[in-house]
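> Just passing along the structure, written as structure tokens.
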Amino acid sequence: MIARPYLKLDQIDKSFTRGGRTSEVLKGIELAIDKGEFVSIIGHSGCGKSTLLNIIAGLTPVTQGAVLLEDREVNAPGPDRAVVFQNHSLLPWLTVYENVRLAVDKVFGRTKSKVERHAWTLHNLDLVQMGHARDKRPSEISGGMKQRVGIARALAMEPKVLLLDEPFGALDALTRAHLQDSVMQIHATLGNTVIMITHDVDEAVLLSDRIVMMTNGPAACIGDVLSVPLERPRKRLEAASDPAYLKCREAVLRFLYERHRYVEAA
Amino acid sequence: MSQPALKTKADAVVAAFPSPKSATVLPLSPSEPARAGRLLAKAGGRARQVAVNVLPPLVTLALILLVWQMLTAKAGATLPSPTTIWAESKDLITQPFFNFGPQDIGLGWRVMVSLQRVAIGFGIAAIVGVLVGAVIGQSVWAMRGLDPVFQVLRTVPPLAWLPLSLAAFRDANPSAIFVIFITSVWPIIINTAVGIRNIPQDYRNVAAVLRLNSLEFFWRIMIPSAAPYIFTGLRIGVGLSWLAIVAAEMLTGGVGIGFFIWDAWNSSKLPDIVVALLYIGVVGFVLDRIVALIGRVATRGTATA
């Protein structure tokens, strides 16, 4: 008997129909992800990578195919696939603590006592080093801090799969590096299964076990999957001069560059 | 949509009553510098700021009174002058809460009676308006079907509803309350619906991932997210209901401030009417400010993400 993958994307097609015209976005997406794996999905803008993440999250229905989590089809959103949204999506009328607590109350309302839920909320805020700002509102903290809280909220749900939708896209380079280190550390500690959408080649290579490279749309599919053979824990500075790192980086760049040129010629 | 137009209307109502604000702020200015000595400079600066805000409306008020006095002081003037009003209706101004029998009570009591009707009518309108607005904002078809109806109904003047409501309720008091309700409910519905429709998709996604049920979604996401819109609607609504109550009471009778004006007109007591107008203006201004204040407190933090 063959070991079944933890998360399986089984021949997913997605097309949008608008005013009688159908446009294919994704075509024949086939991917298997193991438990504890960190997978990045990279591709040019508009190739449908965010659509793919929304499909895994259950926010967008598939046209054909299925998403299987532990051999069960999932087609509706739920806390087992927590999403960290690109623009943090914290509720501005709640404090940092309340934003995370809302998720904790919703997911563990039946299984944990009030004291336990309070402690779990604080634990997750500490995990992203945001315990000091628990009583602040989202409008009072920086973009990087908001994203940390967004990550804490997602982690607090104890998701089977953590979905990151270009989580650092809107941040400056220094803040981004800090958060990438935090995510690597959390991944090392908790061993979550993570799928991250990104358009940053360095980010993909540094964080991922595997990089899924998508072709350009319409009807985008998986062009290539690259394994990153770097040992963990990875250090940003050391990795930058590691030959394996540079090789992976070059492979991703070459893929994106060639595909991009292909579209321009067409 | 019609929202900006409604908003400017509310602002116009606010702008129409600047003088009571100055009257309430004025007593603060002498006491400010009298505070602790080390705060003197700061207090002096604040006193200047208060003066800058208070003096222009005071000057305006004095000019208005002066022109009014000049126009109405001549013998044979049809309207009372400020000095006549003070001479004849001093008791109404200085003692809002006297009580000399069933029909001889201070204007403060009459305002209270009117406010009670407004509280009931506007309270029902607020609850119904927010709930109906929430349903309409959630459903594209309800919006398409009901919005034109609401847009037409909301332009019907308050008093036009009165005969129908008198026929339906056969009693003055519920009729007046119904007129307040039907006048103030439309802006609340329309603004709530717009607010609900403008809930960002991000918040809906968060709710979906957390699997909030519809009741939780209503309380945790919809109401806070739409709160700025809802309070705009409530503010317009409370202004309209105060307009409606005075008109409705003039026709239905009873004890309210509206009936007082009608009664004063019938007994040719024009100075009393002027005093009643001032009361109405001040109370309307205060109502608007109270709703605005509640709105500011309740929507703290929602304006910016």
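> Kirkwood Rh, the stretch B:88-299, all Cα pairs: how many Å?
Details: mean 1/r = 0.0535 Å⁻¹.
For the stretch B:88-299, the Kirkwood estimate is 18.7 Å.
> Give me a single rounded figure for A:92-105: the average over its residues of other chain Cβ atoms within 10 Å of their Cβ.
Average per residue, whole number: 3.
> Let me know the charge dipole size of the protein assembly as shown about its Cα centre in debye, to the nearest 20, where only the beta-carbon of Lys, Arg (+1) and Asp, Glu (-1) is charged.
Working: 58 positive and 45 negative charges, 172 e Å.
Dipole size: approximately 820 debye.
> Next up: Considering only B:161, A:255, B:278, whose Cα is most displaced toward the positive end of the charge dipole of the protein assembly as shown, charges sitting on Cβ of Lys, Arg (+1) and Asp, Glu (-1)?
Looking along the dipole axis, the top candidate is B:278.
> What are the residues whose amide H is under 5 Å from the amide H of residue A:196, where those residues sit 5 or more places off or on another chain and H is modelled from the backbone?
A:39, A:40, A:41, A:164
> Moving to a separate point now. Once you keep just the Cα pairs under 8 angstrom separated by 6 or more residues, what percentage relative contact order results for chain A? Don't jump to the answer; show the numbers that get you there.
Working: 479 pairs, mean separation 65.5, N = 266.
It comes to 25 percent, rounded to a whole number.
> Name the residue from B:108, B:198, B:210 whose Cα lies farthest towards the positive end of the charge dipole of the stretch B:88-299, charges +1 on Cβ of Lys and Arg and -1 on Cβ of Asp and Glu.
Result: B:210, furthest along the dipole toward the positive end.
> Here is a follow-up. How large is the dipole of the stretch B:88-299 about the Cα centre if only Lys and Arg carry +1 and Asp and Glu carry -1, each at its Cβ, rounded to the nearest 20 debye?
Values: 14 positive and 11 negative charges, 147 e Å.
I would put it at about 700 debye.
> Follow-up. How are the alpha carbon pair distances in chain A distributed across 5 Å bins from zero to the largest one, expressed in percent?
Result returned by the calculation: 1, 6, 12, 16, 18, 17, 13, 9, 5, 2, 0, 0, 0.
> Among A:111, A:40, A:54, which residue has its Cα furthest toward the positive end of the charge dipole of the stretch A:26-124, with +1 on Lys/Arg Cβ and -1 on Asp/Glu Cβ?
A:111
> Moving on to the next point. Take the solvent-accessible surface of the protein heavy atoms, probe 1.4 Å, and return the percent of it on the protein assembly as shown that carbon and sulfur atoms account for. Mind showing how you got there, number by number?
Details: 17810 of 29050 Å².
Of the solvent-accessible surface of the protein assembly as shown, carbon and sulfur hold 61 percent.
> Could you give each residue of the stretch A:211-216 its phi-based ³J(HN,Hα) in whole Hz, using Karplus coefficients 6.51, -1.76, 1.60 with θ = phi - 60°, and x for Gly or Pro?
10, 9, 9, 9, 6, 6
> Counting only DSSP beta bridges with both residues in the protein assembly as shown, what percent are antiparallel, rounded to the nearest 5? Mind dumping the intermediate values first?
Details: 22 of 41 bridges.
Here the antiparallel bridges make up roughly 55 percent for the protein assembly as shown.
> Identify all aspartates and glutamates with a Cα-Cα distance to residue A:247 below 18 Å; exclude those on the same chain that are fewer than 8 residues away in sequence.
A:200, A:202, A:203, A:209, A:224, A:231, A:238, A:258
> Next question, about the same structure. Using the Karplus curve 6.51 cos²θ - 1.76 cosθ + 1.60 with θ = phi - 60°, work out ³J(HN,Hα) for each residue of the stretch B:164-170 in order, rounded to whole Hz, and write x for Gly and Pro.
Rounded to whole hertz, the list is 4, 6, 5, 5, 6, 9, 6.
> Where only protein heavy atoms count, and the probe is 1.4 Å, what is the accessible area per residue for the protein assembly as shown in Å²?
Details: 29050 Å² over 571 residues.
Computed with neighbouring chains in place, this is 51 Å² per residue.
> Under a cut-off of 28 Å between alpha-carbon atoms, report the lysines in cross-link reach of residue A:160, not counting same-chain residues fewer than 8 places apart.
Cα-Cα hits under 28 Å: A:8, A:14, A:27, A:35, A:49, A:106, A:112, A:114, A:146, A:235.
> Interface A/B, total buried accessible area with a 1.4 Å probe, nearest 100 Å²? Can you show the working numbers first?
Details: alone 13640 and 17400 Å², together 29050 Å².
Buried area between the two chains comes out at roughly 2000 Å².
> Need one value for A:77-90: mean number of C-beta atoms belonging to other chains within 10 Å of its residues' C-beta atoms.
On the way: counts 7, 4, 3, 1, 1, 2, 4, 0, 4, 1, 3, 2, 9, 4.
For peptide A:77-90, the averaged partner shielding equals 3.
> What distance in nm separates the two pseudo spin-label positions at residue A:225 and residue A:177, each 7 Å out from Cα along the beta-carbon direction?
My value for the distance between the label points is 3.2 nm.
> Tally the DSSP beta bridges in chain A and give the antiparallel ones as a percent, rounded to 5.
On the way: 21 of 40 bridges.
Percent antiparallel among DSSP bridges in chain A is about 50.
> Step through the residues of the stretch B:138-151 one at a time and calculate ³J(HN,Hα) from phi using the Karplus curve (6.51 cos²θ - 1.76 cosθ + 1.60, θ = phi - 60°), rounding each to whole Hz and writing x for Gly and Pro.
7, 10, 4, 6, 4, 4, 4, x, 9, 4, x, 4, 5, 4
> Within the stretch A:122-143, what residues put their amide N at less than 19 Å from the label point 7 Å along the Cα-to-Cβ vector of residue B:198?
From the stretch A:122-143, the list is A:139.
> Could you let me know the centre-to-centre spacing of the stretch A:144-165 and the stretch A:75-142, using Cα atoms, in angstrom?
Using only Cα atoms to place each centre, the spacing works out to 8 Å.
> Still on this structure, I have one more. At a Förster radius of 41 Å, what calculated FRET efficiency corresponds to the Cβ-Cβ distance of residue A:70 and residue B:151, to the nearest 0.05?
On the way: r = 52 Å, r/R0 = 1.28.
It comes to 0.20.
> When a/c is below 1.5 the answer is rounded, else prolate if a/b is larger than b/c, else oblate, so apply that to the stretch A:54-174 with a ≥ b ≥ c taken from the square roots of the Cα gyration tensor eigenvalues.
Numbers: a/c = 2.36, a/b = 1.32, b/c = 1.79.
Note, shape of the stretch A:54-174 comes out oblate.
> Could you give the DSSP H helices of chain A that reach 24 angstrom or more along their long axis (alpha carbon positions) and whose average Kyte-Doolittle hydropathy is no lower than -0.5?
Details: long enough: A:173-190 (25 Å, 0.21); A:243-265 (32 Å, -0.46).
Those that clear 24 Å and a mean of -0.5 are A:173-190, A:243-265.
> Just for the Cα atoms in the protein assembly as shown, what are the lengths along the principal axes, largest first, rounded to whole Å?
Between the extreme Cα coordinates on each principal axis of the protein assembly as shown lie 106, 66, 56 Å.
> Which lysines, if any, have their Cα less than 21 Å from the Cα of residue B:90, not counting same-chain residues under 8 positions apart?
Qualifying lysines at Cα under 21 Å: B:269.
The values are calculated or read from the model by the stated rules, or taken from the named source; none is laboratory data. Since this is a predicted model, take the numbers as computed values, not measurements. Positions of Cβ are backbone-derived with ideal geometry, glycine not excepted, and every protein chain shown enters the neighbour counts. Protein only, heavy atoms only, side chains kept; ligands, DNA and RNA dropped before computing areas. Shrake-Rupley method; radii C 1.70, N 1.55, O 1.52, S 1.80 Å.
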